[in-house]
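Since the structure comes first, as C-alpha coordinates, the remarks are kept for the end.
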Amino acid sequence: MRRVVITGTGMVSPLGCGTEVTWSRLLEGRSGAARVTTFEVDDLPAKIACSIPLGDGTDGTYNADQWMEPKEQRKVDPFIVYAVAAADMALADAGWHPKTDEDQIATGVLIGSGIGGLDGIVEAGYTLRDKGPRRVSPFFIPGRLINLASGQVSIKHKLRGPNHSVVTACSTGAHAIGDASRLIALGDADVMVAGGAESPICRIALAGFAACKALSTERNDDPTAASRPYDKDRDGFVMGEGAGVVVLEELEHAKARGAKIYAEVVGYGLSGDAYHITAPSEDGDGAYRCMQMALKRAGIPASELDYINAHGTSTMADTIELGAVERLVGDAASRVSMSSTKSAIGHLLGAAGAVEAIFTALAIRDNIAPPTLNLDNPDVETAIDLVPHKARKREINVALSNSFGFGGTNASLVLKRYA
Amino acid sequence: MSDIAERVKKIVIDHLGVDAEKVSEGASFIDDLGADSLDTVELVMAFEEEFGVEIPDDAADSILTVGDAVKFIEKAQA
(Lines give C-alpha, C1' and ligand atoms only; values in the text may rest on other atoms or scores of the structure.)
Protein backbone atom coordinates (compact mmCIF):
# COMPACT_ATOMS: atom_id res chain seq x y z
CA MET A 1 0.00 0.00 0.00
CA ARG A 2 1.12 3.56 -0.69
CA ARG A 3 2.26 5.74 2.22
CA VAL A 4 0.13 8.70 3.35
CA VAL A 5 1.27 11.90 5.05
CA ILE A 6 -0.43 15.00 6.45
CA THR A 7 0.67 18.11 4.53
CA GLY A 8 -1.91 20.67 5.64
CA THR A 9 -4.16 21.40 8.60
CA GLY A 10 -6.99 23.81 9.31
CA MET A 11 -9.44 24.21 12.14
CA VAL A 12 -12.13 26.31 13.70
CA SER A 13 -12.25 25.56 17.41
CA PRO A 14 -13.55 26.99 20.68
CA LEU A 15 -10.01 28.27 21.28
CA GLY A 16 -9.83 30.11 17.98
CA CYS A 17 -9.98 30.15 14.22
CA GLY A 18 -6.81 28.51 12.93
CA THR A 19 -4.56 25.61 13.82
CA GLU A 20 -1.65 27.53 15.33
CA VAL A 21 -3.72 29.93 17.45
CA THR A 22 -5.72 27.01 18.83
CA TRP A 23 -2.58 24.97 19.50
CA SER A 24 -0.76 27.74 21.34
CA ARG A 25 -3.81 28.49 23.52
CA LEU A 26 -4.24 24.77 24.18
CA LEU A 27 -0.64 24.49 25.37
CA GLU A 28 -1.15 27.56 27.59
CA GLY A 29 -3.93 25.69 29.35
CA ARG A 30 -6.79 27.92 28.25
CA SER A 31 -10.38 26.69 28.27
CA GLY A 32 -13.05 27.49 25.69
CA ALA A 33 -15.98 26.86 28.04
CA ALA A 34 -18.49 29.56 28.98
CA ARG A 35 -22.15 30.03 29.73
CA VAL A 36 -24.26 30.04 26.58
CA THR A 37 -25.57 33.53 25.84
CA THR A 38 -26.83 33.20 22.26
CA PHE A 39 -30.11 31.50 23.14
CA GLU A 40 -32.33 30.79 26.13
CA VAL A 41 -30.79 28.25 28.53
CA ASP A 42 -32.66 28.90 31.78
CA ASP A 43 -34.83 25.81 31.32
CA LEU A 44 -31.98 23.56 30.13
CA PRO A 45 -30.05 21.37 32.59
CA ALA A 46 -26.76 22.11 30.80
CA LYS A 47 -26.26 25.86 30.33
CA ILE A 48 -22.62 25.90 29.24
CA ALA A 49 -20.71 25.07 26.06
CA CYS A 50 -17.41 25.61 24.27
CA SER A 51 -18.39 28.04 21.52
CA ILE A 52 -16.22 29.39 18.74
CA PRO A 53 -14.99 32.94 19.51
CA LEU A 54 -16.79 35.19 17.04
CA GLY A 55 -15.29 38.44 15.80
CA ASP A 56 -13.87 40.28 12.84
CA GLY A 57 -11.34 37.56 12.07
CA THR A 58 -8.42 39.13 13.93
CA ASP A 59 -6.78 37.75 17.09
CA GLY A 60 -8.00 34.23 16.35
CA THR A 61 -11.67 35.14 16.13
CA TYR A 62 -13.97 33.52 13.60
CA ASN A 63 -15.66 35.70 11.00
CA ALA A 64 -17.90 33.57 8.78
CA ASP A 65 -17.90 36.27 6.07
CA GLN A 66 -14.22 35.53 5.39
CA TRP A 67 -15.07 32.00 4.30
CA MET A 68 -18.46 32.22 2.60
CA GLU A 69 -20.55 35.05 1.17
CA PRO A 70 -23.36 36.12 3.53
CA LYS A 71 -26.04 35.22 0.98
CA GLU A 72 -24.61 31.68 0.77
CA GLN A 73 -24.27 31.34 4.56
CA ARG A 74 -28.00 31.95 4.84
CA LYS A 75 -28.63 28.75 2.88
CA VAL A 76 -26.50 26.37 4.94
CA ASP A 77 -26.07 25.19 8.49
CA PRO A 78 -23.05 26.62 10.33
CA PHE A 79 -21.30 23.21 10.35
CA ILE A 80 -20.90 23.54 6.57
CA VAL A 81 -19.33 27.01 6.88
CA TYR A 82 -16.96 25.69 9.57
CA ALA A 83 -15.95 22.86 7.22
CA VAL A 84 -15.38 25.26 4.33
CA ALA A 85 -13.26 27.52 6.57
CA ALA A 86 -11.14 24.64 7.90
CA ALA A 87 -10.69 23.19 4.40
CA ASP A 88 -9.64 26.57 3.00
CA MET A 89 -7.03 26.86 5.75
CA ALA A 90 -5.79 23.29 5.26
CA LEU A 91 -5.41 23.67 1.48
CA ALA A 92 -3.62 27.00 1.89
CA ASP A 93 -1.36 25.47 4.53
CA ALA A 94 -0.54 22.57 2.19
CA GLY A 95 -0.04 24.94 -0.74
CA TRP A 96 -2.27 22.67 -2.83
CA HIS A 97 -4.50 24.49 -5.30
CA PRO A 98 -5.09 22.06 -8.18
CA LYS A 99 -5.66 23.77 -11.54
CA THR A 100 -5.22 21.00 -14.13
CA ASP A 101 -7.83 18.31 -14.87
CA GLU A 102 -5.37 15.68 -13.70
CA ASP A 103 -4.69 17.33 -10.34
CA GLN A 104 -8.35 18.15 -9.69
CA ILE A 105 -9.40 14.58 -10.42
CA ALA A 106 -6.62 13.21 -8.19
CA THR A 107 -7.94 15.26 -5.23
CA GLY A 108 -10.99 14.17 -3.23
CA VAL A 109 -12.94 15.30 -0.18
CA LEU A 110 -14.15 13.27 2.79
CA ILE A 111 -15.59 15.45 5.54
CA GLY A 112 -18.21 14.16 7.93
CA SER A 113 -20.45 15.38 10.72
CA GLY A 114 -21.95 13.53 13.64
CA ILE A 115 -25.44 15.02 13.55
CA GLY A 116 -25.43 17.76 10.91
CA GLY A 117 -27.77 20.74 10.87
CA LEU A 118 -30.08 20.06 13.81
CA ASP A 119 -31.10 23.65 14.43
CA GLY A 120 -32.08 24.19 10.80
CA ILE A 121 -34.20 21.06 10.90
CA VAL A 122 -36.02 22.41 13.96
CA GLU A 123 -36.63 25.76 12.25
CA ALA A 124 -37.93 24.13 9.07
CA GLY A 125 -40.19 21.98 11.23
CA TYR A 126 -41.72 25.13 12.71
CA THR A 127 -42.15 26.60 9.21
CA LEU A 128 -43.88 23.44 8.00
CA ARG A 129 -46.21 23.41 11.02
CA ASP A 130 -46.99 27.13 11.09
CA LYS A 131 -46.93 28.15 7.42
CA GLY A 132 -47.33 24.90 5.49
CA PRO A 133 -45.21 22.98 2.98
CA ARG A 134 -45.14 25.79 0.38
CA ARG A 135 -42.94 27.83 2.72
CA VAL A 136 -40.22 25.19 3.22
CA SER A 137 -37.10 26.61 1.58
CA PRO A 138 -35.50 24.91 -1.42
CA PHE A 139 -32.25 25.27 0.53
CA PHE A 140 -33.55 23.36 3.54
CA ILE A 141 -32.32 19.95 2.31
CA PRO A 142 -28.99 20.91 0.67
CA GLY A 143 -28.22 23.16 3.62
CA ARG A 144 -28.59 20.38 6.19
CA LEU A 145 -27.29 17.24 4.46
CA ILE A 146 -24.11 16.06 6.15
CA ASN A 147 -22.23 15.27 2.92
CA LEU A 148 -22.81 18.86 1.73
CA ALA A 149 -19.72 19.82 3.72
CA SER A 150 -17.72 17.69 1.29
CA GLY A 151 -19.89 18.96 -1.57
CA GLN A 152 -19.35 22.65 -0.80
CA VAL A 153 -15.59 22.20 -0.37
CA SER A 154 -15.30 20.31 -3.64
CA ILE A 155 -17.30 22.95 -5.53
CA LYS A 156 -15.30 25.85 -4.09
CA HIS A 157 -11.90 24.32 -4.92
CA LYS A 158 -12.86 22.21 -7.98
CA LEU A 159 -11.80 18.98 -6.29
CA ARG A 160 -13.20 16.29 -8.56
CA GLY A 161 -11.83 13.07 -7.05
CA PRO A 162 -13.68 10.83 -4.57
CA ASN A 163 -16.44 12.81 -2.82
CA HIS A 164 -17.53 11.06 0.31
CA SER A 165 -18.69 11.59 3.87
CA VAL A 166 -18.81 9.83 7.21
CA VAL A 167 -21.48 9.77 9.92
CA THR A 168 -20.34 7.82 12.97
CA ALA A 169 -21.32 10.13 15.82
CA CYS A 170 -18.26 11.10 17.86
CA SER A 171 -15.93 8.87 15.82
CA THR A 172 -16.74 10.72 12.58
CA GLY A 173 -13.61 12.86 12.27
CA ALA A 174 -11.23 9.96 12.94
CA HIS A 175 -13.09 7.64 10.58
CA ALA A 176 -13.02 10.34 7.88
CA ILE A 177 -9.24 10.73 8.12
CA GLY A 178 -8.74 6.96 8.32
CA ASP A 179 -11.00 6.18 5.35
CA ALA A 180 -9.52 9.01 3.29
CA SER A 181 -6.02 7.67 4.01
CA ARG A 182 -7.14 4.30 2.71
CA LEU A 183 -8.39 5.85 -0.53
CA ILE A 184 -4.93 7.31 -1.06
CA ALA A 185 -3.14 4.13 0.03
CA LEU A 186 -5.17 2.10 -2.47
CA GLY A 187 -4.55 4.56 -5.29
CA ASP A 188 -8.06 6.00 -5.68
CA ALA A 189 -6.76 9.51 -4.99
CA ASP A 190 -3.38 11.20 -4.50
CA VAL A 191 -4.68 13.94 -2.20
CA MET A 192 -7.69 13.94 0.14
CA VAL A 193 -9.20 16.82 2.09
CA ALA A 194 -10.54 15.04 5.16
CA GLY A 195 -12.03 15.79 8.55
CA GLY A 196 -15.17 16.58 10.48
CA ALA A 197 -17.42 19.53 11.30
CA GLU A 198 -20.15 20.11 13.87
CA SER A 199 -22.39 22.95 15.05
CA PRO A 200 -24.48 21.39 17.82
CA ILE A 201 -24.72 24.30 20.25
CA CYS A 202 -28.47 24.79 20.06
CA ARG A 203 -31.40 24.11 22.35
CA ILE A 204 -32.49 20.80 20.88
CA ALA A 205 -28.99 19.30 20.99
CA LEU A 206 -28.35 20.44 24.56
CA ALA A 207 -31.76 19.06 25.55
CA GLY A 208 -31.20 15.78 23.73
CA PHE A 209 -27.69 15.08 25.01
CA ALA A 210 -28.72 16.08 28.52
CA ALA A 211 -31.60 13.60 28.30
CA CYS A 212 -28.99 10.93 27.46
CA LYS A 213 -27.26 11.93 30.74
CA ALA A 214 -24.14 12.70 28.73
CA LEU A 215 -23.65 16.41 29.58
CA SER A 216 -22.10 18.09 32.60
CA THR A 217 -24.89 19.81 34.53
CA GLU A 218 -23.26 20.48 37.92
CA ARG A 219 -20.90 23.30 36.98
CA ASN A 220 -23.11 25.77 35.12
CA ASP A 221 -21.65 28.47 37.39
CA ASP A 222 -18.05 27.36 36.87
CA PRO A 223 -17.88 26.50 33.15
CA THR A 224 -14.10 26.20 32.73
CA ALA A 225 -13.98 23.56 35.49
CA ALA A 226 -16.75 21.42 34.00
CA SER A 227 -14.78 19.34 31.49
CA ARG A 228 -12.50 17.27 33.73
CA PRO A 229 -11.58 13.94 32.14
CA TYR A 230 -10.38 11.21 34.57
CA ASP A 231 -11.15 13.40 37.57
CA LYS A 232 -13.26 11.71 40.21
CA ASP A 233 -15.70 14.65 40.27
CA ARG A 234 -16.43 14.67 36.53
CA ASP A 235 -20.12 14.60 35.64
CA GLY A 236 -20.40 14.65 31.85
CA PHE A 237 -19.06 16.32 28.74
CA VAL A 238 -19.24 19.95 27.70
CA MET A 239 -20.62 20.50 24.20
CA GLY A 240 -18.19 22.04 21.71
CA GLU A 241 -18.39 23.10 18.08
CA GLY A 242 -16.07 23.62 15.15
CA ALA A 243 -14.27 21.76 12.41
CA GLY A 244 -10.92 20.13 11.76
CA VAL A 245 -9.66 19.36 8.28
CA VAL A 246 -6.37 17.88 7.09
CA VAL A 247 -4.82 17.56 3.67
CA LEU A 248 -3.68 13.96 3.29
CA GLU A 249 -1.26 13.19 0.53
CA GLU A 250 0.53 10.24 -0.98
CA LEU A 251 4.13 10.42 0.22
CA GLU A 252 5.86 10.60 -3.16
CA HIS A 253 3.33 13.18 -4.39
CA ALA A 254 4.11 15.34 -1.36
CA LYS A 255 7.87 14.93 -1.73
CA ALA A 256 7.80 15.70 -5.45
CA ARG A 257 6.35 19.15 -4.80
CA GLY A 258 8.42 19.77 -1.68
CA ALA A 259 5.43 19.90 0.66
CA LYS A 260 5.84 20.36 4.40
CA ILE A 261 5.05 17.07 6.17
CA TYR A 262 3.47 17.12 9.64
CA ALA A 263 3.41 13.35 10.22
CA GLU A 264 2.72 10.06 8.51
CA VAL A 265 -0.60 8.27 8.96
CA VAL A 266 0.71 4.78 9.63
CA GLY A 267 -2.21 3.04 11.32
CA TYR A 268 -6.00 3.00 11.38
CA GLY A 269 -8.22 0.72 13.41
CA LEU A 270 -11.99 0.29 13.58
CA SER A 271 -14.24 -1.81 15.77
CA GLY A 272 -17.76 -2.15 17.11
CA ASP A 273 -18.73 -2.73 20.73
CA ALA A 274 -21.96 -4.56 19.85
CA TYR A 275 -23.11 -3.71 23.36
CA HIS A 276 -25.28 -0.60 23.96
CA ILE A 277 -26.55 2.45 22.03
CA THR A 278 -24.80 5.04 24.21
CA ALA A 279 -22.59 3.24 26.78
CA PRO A 280 -19.28 1.56 25.98
CA SER A 281 -18.88 -2.05 27.05
CA GLU A 282 -17.48 -2.09 30.55
CA ASP A 283 -14.51 -4.29 29.68
CA GLY A 284 -13.36 -1.75 27.06
CA ASP A 285 -12.82 -4.56 24.60
CA GLY A 286 -14.03 -2.57 21.58
CA ALA A 287 -11.59 0.23 22.33
CA TYR A 288 -8.78 -2.25 22.95
CA ARG A 289 -9.31 -4.11 19.67
CA CYS A 290 -9.57 -0.82 17.79
CA MET A 291 -6.22 0.46 19.07
CA GLN A 292 -4.66 -2.98 18.55
CA MET A 293 -5.80 -3.06 14.91
CA ALA A 294 -4.37 0.42 14.29
CA LEU A 295 -0.99 -0.56 15.76
CA LYS A 296 -0.95 -3.83 13.81
CA ARG A 297 -1.52 -1.92 10.59
CA ALA A 298 1.28 0.44 11.59
CA GLY A 299 3.57 -2.46 12.39
CA ILE A 300 4.47 -0.75 15.64
CA PRO A 301 4.41 -2.48 19.04
CA ALA A 302 2.34 -0.81 21.78
CA SER A 303 5.54 -0.44 23.80
CA GLU A 304 6.70 2.24 21.33
CA LEU A 305 3.71 4.54 21.86
CA ASP A 306 4.77 7.92 23.22
CA TYR A 307 1.51 9.85 23.31
CA ILE A 308 -2.20 9.10 23.17
CA ASN A 309 -4.82 11.76 22.54
CA ALA A 310 -7.65 10.10 24.44
CA HIS A 311 -11.31 10.13 23.60
CA GLY A 312 -11.70 11.11 27.29
CA THR A 313 -14.99 13.00 27.30
CA SER A 314 -15.24 13.68 31.05
CA THR A 315 -17.88 10.99 31.49
CA MET A 316 -17.88 7.69 33.36
CA ALA A 317 -16.49 6.07 30.19
CA ASP A 318 -13.07 7.72 30.73
CA THR A 319 -11.88 4.96 33.04
CA ILE A 320 -13.04 2.27 30.60
CA GLU A 321 -10.81 3.78 27.90
CA LEU A 322 -7.98 4.10 30.41
CA GLY A 323 -8.34 0.42 31.30
CA ALA A 324 -8.21 -0.53 27.63
CA VAL A 325 -5.06 1.53 27.14
CA GLU A 326 -3.43 -0.08 30.19
CA ARG A 327 -4.23 -3.49 28.73
CA LEU A 328 -2.75 -2.39 25.39
CA VAL A 329 0.54 -0.97 26.63
CA GLY A 330 1.08 -3.40 29.54
CA ASP A 331 4.47 -2.92 31.18
CA ALA A 332 5.18 0.12 28.99
CA ALA A 333 2.50 2.17 30.78
CA SER A 334 4.99 4.40 32.55
CA ARG A 335 6.50 5.67 29.27
CA VAL A 336 3.16 6.77 27.79
CA SER A 337 1.62 10.20 28.12
CA MET A 338 -2.13 10.35 27.51
CA SER A 339 -4.23 13.50 27.67
CA SER A 340 -7.73 14.59 26.82
CA THR A 341 -7.82 17.90 25.00
CA LYS A 342 -11.61 17.85 25.46
CA SER A 343 -10.77 19.30 28.88
CA ALA A 344 -10.03 22.58 27.04
CA ILE A 345 -12.21 22.60 23.93
CA GLY A 346 -15.11 20.41 25.02
CA HIS A 347 -16.53 17.65 22.88
CA LEU A 348 -16.81 18.62 19.22
CA LEU A 349 -18.73 15.39 18.43
CA GLY A 350 -18.21 14.67 14.73
CA ALA A 351 -15.38 17.19 14.50
CA ALA A 352 -13.60 15.92 17.61
CA GLY A 353 -11.60 13.14 15.96
CA ALA A 354 -10.33 15.43 13.23
CA VAL A 355 -9.34 18.30 15.52
CA GLU A 356 -7.70 15.82 17.91
CA ALA A 357 -5.81 14.09 15.07
CA ILE A 358 -4.35 17.51 14.23
CA PHE A 359 -3.36 18.02 17.89
CA THR A 360 -1.74 14.57 17.76
CA ALA A 361 0.28 15.53 14.67
CA LEU A 362 1.34 18.77 16.36
CA ALA A 363 2.35 16.88 19.51
CA ILE A 364 4.76 14.92 17.29
CA ARG A 365 5.95 18.04 15.45
CA ASP A 366 6.68 19.99 18.63
CA ASN A 367 7.53 17.12 21.02
CA ILE A 368 4.96 18.26 23.55
CA ALA A 369 1.88 16.63 25.09
CA PRO A 370 -1.04 19.05 25.56
CA PRO A 371 -2.54 19.06 29.05
CA THR A 372 -5.60 17.51 30.66
CA LEU A 373 -7.16 20.47 32.45
CA ASN A 374 -9.00 20.17 35.77
CA LEU A 375 -7.50 16.79 36.60
CA ASP A 376 -7.27 17.50 40.33
CA ASN A 377 -8.03 14.06 41.75
CA PRO A 378 -7.62 11.12 39.36
CA ASP A 379 -10.49 8.68 39.67
CA VAL A 380 -8.20 5.66 39.46
CA GLU A 381 -4.49 5.10 39.98
CA THR A 382 -2.47 4.53 36.86
CA ALA A 383 1.16 4.40 35.81
CA ILE A 384 0.20 6.30 32.66
CA ASP A 385 1.02 10.02 32.67
CA LEU A 386 -2.32 11.79 32.22
CA VAL A 387 -0.60 15.18 31.76
CA PRO A 388 -2.59 17.01 34.45
CA HIS A 389 -2.98 20.81 34.22
CA LYS A 390 0.22 21.62 32.27
CA ALA A 391 1.58 20.63 28.86
CA ARG A 392 4.59 18.31 29.02
CA LYS A 393 7.68 18.62 26.83
CA ARG A 394 8.84 15.12 25.91
CA GLU A 395 9.99 13.14 22.94
CA ILE A 396 7.01 12.07 20.83
CA ASN A 397 7.61 10.03 17.71
CA VAL A 398 4.62 7.69 17.68
CA ALA A 399 1.17 8.82 18.78
CA LEU A 400 -2.36 7.47 18.72
CA SER A 401 -5.69 9.30 18.69
CA ASN A 402 -8.88 7.61 19.90
CA SER A 403 -12.50 8.40 19.05
CA PHE A 404 -15.51 6.44 20.24
CA GLY A 405 -19.12 7.10 19.31
CA PHE A 406 -22.72 6.32 20.22
CA GLY A 407 -23.72 3.03 18.71
CA GLY A 408 -20.48 1.47 19.89
CA THR A 409 -18.40 2.71 16.96
CA ASN A 410 -14.66 3.06 17.56
CA ALA A 411 -11.79 4.52 15.52
CA SER A 412 -8.07 4.87 16.27
CA LEU A 413 -5.42 6.60 14.20
CA VAL A 414 -1.68 6.07 14.61
CA LEU A 415 0.61 8.89 13.46
CA LYS A 416 4.38 8.74 13.26
CA ARG A 417 7.09 11.33 12.82
CA TYR A 418 8.17 11.40 9.19
CA ALA A 419 11.92 11.25 8.91
CA MET B 1 -40.99 52.83 -9.74
CA SER B 2 -44.21 51.67 -8.15
CA ASP B 3 -44.39 50.56 -4.55
CA ILE B 4 -44.66 46.94 -5.67
CA ALA B 5 -41.60 47.28 -7.88
CA GLU B 6 -39.59 48.76 -5.00
CA ARG B 7 -40.57 45.92 -2.67
CA VAL B 8 -39.78 43.29 -5.33
CA LYS B 9 -36.43 44.92 -5.93
CA LYS B 10 -35.59 44.87 -2.23
CA ILE B 11 -36.38 41.15 -1.96
CA VAL B 12 -34.21 40.41 -4.98
CA ILE B 13 -31.30 42.41 -3.55
CA ASP B 14 -31.60 40.71 -0.16
CA HIS B 15 -31.89 37.17 -1.48
CA LEU B 16 -29.38 37.28 -4.30
CA GLY B 17 -26.88 39.62 -2.65
CA VAL B 18 -26.58 41.80 -5.75
CA ASP B 19 -26.02 45.54 -6.17
CA ALA B 20 -29.18 47.66 -6.43
CA GLU B 21 -28.23 49.20 -9.78
CA LYS B 22 -28.17 45.74 -11.39
CA VAL B 23 -31.79 45.09 -10.44
CA SER B 24 -33.55 46.73 -13.40
CA GLU B 25 -37.04 45.83 -14.63
CA GLY B 26 -35.57 43.77 -17.45
CA ALA B 27 -32.96 41.95 -15.38
CA SER B 28 -33.20 38.16 -15.64
CA PHE B 29 -32.80 36.40 -12.29
CA ILE B 30 -30.67 33.63 -13.78
CA ASP B 31 -28.87 35.31 -16.72
CA ASP B 32 -28.17 38.72 -15.18
CA LEU B 33 -28.37 38.34 -11.40
CA GLY B 34 -26.57 35.01 -10.84
CA ALA B 35 -29.52 33.05 -9.46
CA ASP B 36 -29.81 29.28 -9.88
CA SER B 37 -33.01 27.26 -10.10
CA LEU B 38 -33.24 26.94 -6.30
CA ASP B 39 -32.75 30.68 -5.83
CA THR B 40 -35.72 31.34 -8.13
CA VAL B 41 -37.91 28.97 -6.12
CA GLU B 42 -36.97 30.84 -2.96
CA LEU B 43 -37.58 34.22 -4.60
CA VAL B 44 -41.09 33.19 -5.60
CA MET B 45 -41.74 32.04 -2.02
CA ALA B 46 -40.53 35.40 -0.75
CA PHE B 47 -42.83 37.25 -3.16
CA GLU B 48 -45.78 35.14 -2.00
CA GLU B 49 -44.96 35.91 1.63
CA GLU B 50 -44.41 39.64 1.08
CA PHE B 51 -47.52 40.27 -1.03
CA GLY B 52 -49.88 37.62 0.32
CA VAL B 53 -50.48 36.16 -3.11
CA GLU B 54 -50.24 32.59 -4.35
CA ILE B 55 -48.01 32.02 -7.34
CA PRO B 56 -48.83 28.59 -8.84
CA ASP B 57 -45.91 26.55 -10.19
CA ASP B 58 -46.82 27.08 -13.86
CA ALA B 59 -47.02 30.84 -13.32
CA ALA B 60 -43.75 30.79 -11.39
CA ASP B 61 -42.05 29.14 -14.36
CA SER B 62 -42.84 32.20 -16.50
CA ILE B 63 -41.49 34.72 -13.98
CA LEU B 64 -37.97 35.12 -15.33
CA THR B 65 -37.25 38.81 -14.75
CA VAL B 66 -37.85 41.48 -12.12
CA GLY B 67 -40.48 42.99 -14.42
CA ASP B 68 -42.26 39.63 -14.81
CA ALA B 69 -42.60 39.41 -11.04
CA VAL B 70 -43.89 42.98 -10.72
CA LYS B 71 -46.47 42.44 -13.46
CA PHE B 72 -47.72 39.17 -11.96
CA ILE B 73 -48.12 40.69 -8.51
CA GLU B 74 -49.85 43.86 -9.81
CA LYS B 75 -52.32 41.69 -11.70
CA ALA B 76 -52.88 39.34 -8.74
CA GLN B 77 -53.56 42.28 -6.43
CA ALA B 78 -55.77 44.20 -8.87
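The values are calculated or read from the model by the stated rules, or taken from the named source; none is laboratory data. Everything quoted here is computed from the prediction, not taken from an experiment. Note that we place each Cβ from the backbone using ideal geometry, even for glycine, and neighbour counts take in every protein chain shown. Just so you know, the surface numbers come from the protein's heavy atoms only, side chains and all, with ligands and any DNA or RNA stripped out. Shrake-Rupley method; radii C 1.70, N 1.55, O 1.52, S 1.80 Å.
Tabulated data
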read-out: Angstrom value of the Kirkwood radius, inverse mean 1/r, which spans all Cα pairs in the range A:241-311; value: 15.0
read-out: Spatial separation of Cα centroids for the range A:284-360 and the range A:1-52, in angstrom; value: 19
read-out: Debye-sum result for the range A:4-263 in log10 I(q)/I(0), which assumes one identical scatterer on each alpha carbon, at q = 0.07, 0.11, 0.16 Å⁻¹; value: -0.26, -0.62, -1.21
read-out: Gaussian network model of chain A, Cα within-10 Å springs - most flexible of A:77, A:43, A:306; value: A:43
read-out: For the range A:124-174, the Rg and Dmax computed from alpha carbons only, in angstrom; value: 14.9, 42
read-out: The range A:80-173: radius of gyration and largest Cα-Cα distance (Dmax), Å; value: 15.8, 50
read-out: Selected from B:30, B:45, B:11, residue furthest toward positive end of dipole (the range B:1-74; charges at beta carbon); value: B:11
read-out: Table column - 3J(HN,Hα) (Hz), the range A:41-56, Karplus curve with 6.51, -1.76, 1.60, x for Gly and Pro; value: 10, 4, 8, 9, x, 10, 10, 10, 6, 9, 9, 5, x, 8, x, 8
read-out: Only Lys, Arg (+1) and Asp, Glu (-1) charged, at Cβ; the range B:1-77 dipole about Cα centre in debye; value: 260
read-out: Nearby aspartates and glutamates by direct alpha-carbon distance to residue A:255 (threshold 15 angstrom, same-chain neighbours under 8 apart not counted); value: A:190, A:264
read-out: Hull volume in cubic angstrom per residue (convex hull over the Cα atoms of the range B:1-77); value: 78
read-out: Anisotropy class of the range A:268-417 from Cα gyration tensor, a/c 1.5 cut; value: rounded
read-out: Residues whose placed amide H lies under 5 Å from that of residue A:4, excluding near-sequence neighbours; value: A:251, A:265
read-out: Residue of A:58, A:22, A:278 that the Gaussian network model of chain A assigns the largest fluctuation, springs spanning Cα pairs under 10 Å; value: A:58
read-out: Of all accessible heavy-atom area on the range B:1-64, the percent that carbon and sulfur account for (1.4 Å); value: 49
read-out: Rounded to the nearest 20 debye, dipole of the range A:74-201 from Cβ charges on Lys, Arg, Asp, Glu; value: 680
read-out: 5 Å-binned pair-distance histogram of the range A:1-77 (Cα, whole percent); value: 3, 13, 17, 18, 17, 15, 9, 4, 2, 1, 0
read-out: Selected from A:198, A:321, A:218 as most flexible by GNM, with chain A as the system and alpha-carbon contacts under 10 Å; value: A:218
read-out: Sequence-separation-based contact order of the range A:21-143, relative, with Cα cut under 8 Å and 6+ spacing, percent; value: 18
read-out: Relative contact order %, the range B:1-77, counting alpha carbon pairs below 8 Å whose residues are six or more apart; value: 37
read-out: Under the span-like rule (Cα at least 18 Å along the axis, Kyte-Doolittle mean at least 1.0), DSSP H helices of chain A; value: A:78-94, A:352-366
read-out: Solvent-accessible area lost in complex, 10 Å² minimum, residues of the range A:38-71 relative to chain alone, 1.4 Å; value: A:71
read-out: 18 Å Cα-Cα reach of residue A:393 towards lysines, excluding residues that sit fewer than 8 places from it in its own chain; value: A:416
read-out: About the Cα centre, charge dipole magnitude for the range A:4-263 (Lys/Arg +1, Asp/Glu -1 at Cβ), debye; value: 540
read-out: Cross-link pairs beyond the 32 Å C-alpha cut-off, checked among A:158/A:260; A:158/A:342; A:71/A:99; A:75/B:22; A:71/A:158; value: A:158/A:342
read-out: Cα gyration tensor category, rounded, prolate or oblate, for the range A:168-229 with a/c compared to 1.5; value: prolate
read-out: Relative contact order computed over chain A (Cα-Cα under 8 Å; 6+ residues apart), in percent; value: 23
read-out: Solvent exposure of the protein assembly as shown as accessible area per residue, Å², 1.4 Å probe; value: 40
read-out: A versus B: buried accessible surface, summed, Å² (probe 1.4 Å, to nearest 100); value: 1100
read-out: Shielding of B:39-48 by partner chains, average beta-carbon count, 10 Å; value: 3
read-out: Convex hull per residue volume in Å³, alpha carbons only, for the protein assembly as shown; value: 154
read-out: Trypsin sites (Lys or Arg not before Pro) within the range A:43-113: DSSP coil, no more than 13 neighbouring Cβ in 10 Å; value: A:99
